[in-house]
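Contents: one structure, followed by commentary.
The values are calculated or read from the model by the stated rules, or taken from the named source; none is laboratory data. These figures come from a predicted structure and were not determined experimentally. Neighbour counts are summed over all protein chains in view; Cβ atoms, including those assigned to glycine, are modelled from backbone coordinates with ideal geometry.
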Amino acid sequence: MTKRKPTHLVYSTEAGRLCPQCHRPVLDCGCGKPRRPASGDGIVRLHRETKGRGGKAVTLITGIALPERDMRELTRALKQKCGVGGALKDDHIEIQGEQREKLKAELERRGFTVKIAGG
């Protein structure tokens, strides 16, 4: 019997599980179902949160309805603009620190309608 080599990579220790159609990491896959549009009124809201973070402030960006890949690119660009870290979580972006004014200016420049929520 001869051994057959797989025609494509199924799993990578670097990226994890890969999509069987496009062979990209599942989290970065664009061929599956499109991202569910954000429910609401189409306004991007900037929140400041400190709960559960040892008193450190984090700016939350909610209400952005973009595909996964575009959300990742936007997250990366916003982190670079503010010069801080952050993360993309489920349906919102977290940026470290109190960055609401910088983020508002940048998101409005990109064509979003932005409101600063909370105090």
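Observations on the model:
- For the range 48-64, the candidate set comprises residues that are within 20 Å of Ile116 (Cβ to Cβ) and exposed (fewer than 15 other Cβ atoms within 10 Å of the Cβ); within that set, the residue that is modelled with the lowest pLDDT is Arg53.
- Among the residues of the range 52-93, those identified as among the aliphatic types (A, V, I, L, M) and either in a strand (DSSP E or B) or not assigned by TED's automatic domain parsing to the domain that holds Gly42 (or both) are Val58, Leu60, Ile61, Ala87, Leu88, Ile93.
- Residue within the range 28-44 that is touching an Asp or Glu at 6+ places or on another chain (Cβ under 8 Å), in a helix (DSSP H, G or I) and either modelled with pLDDT of 90 or more or farther than 16 Å from Val114 by Cα (or both) present: yes
- Conditions (1) over 17 Å from the mean Cα position of the chain (by Cα); (2) more than 30 Å from Cys22 (Cβ to Cβ); (3) without any contact (Cβ under 8 Å) to a residue 12 or more places away in the chain; number of the one not met by Ala117: (3)
- Selection from the range 94-119 of residues that are in a loop (DSSP other than H, G, I, E, B) and either of a type in the set (D, E, K, R) or within 25 Å of Arg53 (Cα to Cα) (or both): Gly97, Glu98, Gln99, Arg110, Ala117, Gly118, Gly119
- Filtering the range 75-112 to residues that are in contact with a strand residue (DSSP E or B) (Cβ under 7 Å, 6 or more places away or on another chain) and exposed (fewer than 12 other Cβ atoms within 10 Å of the Cβ) leaves only Gly85.
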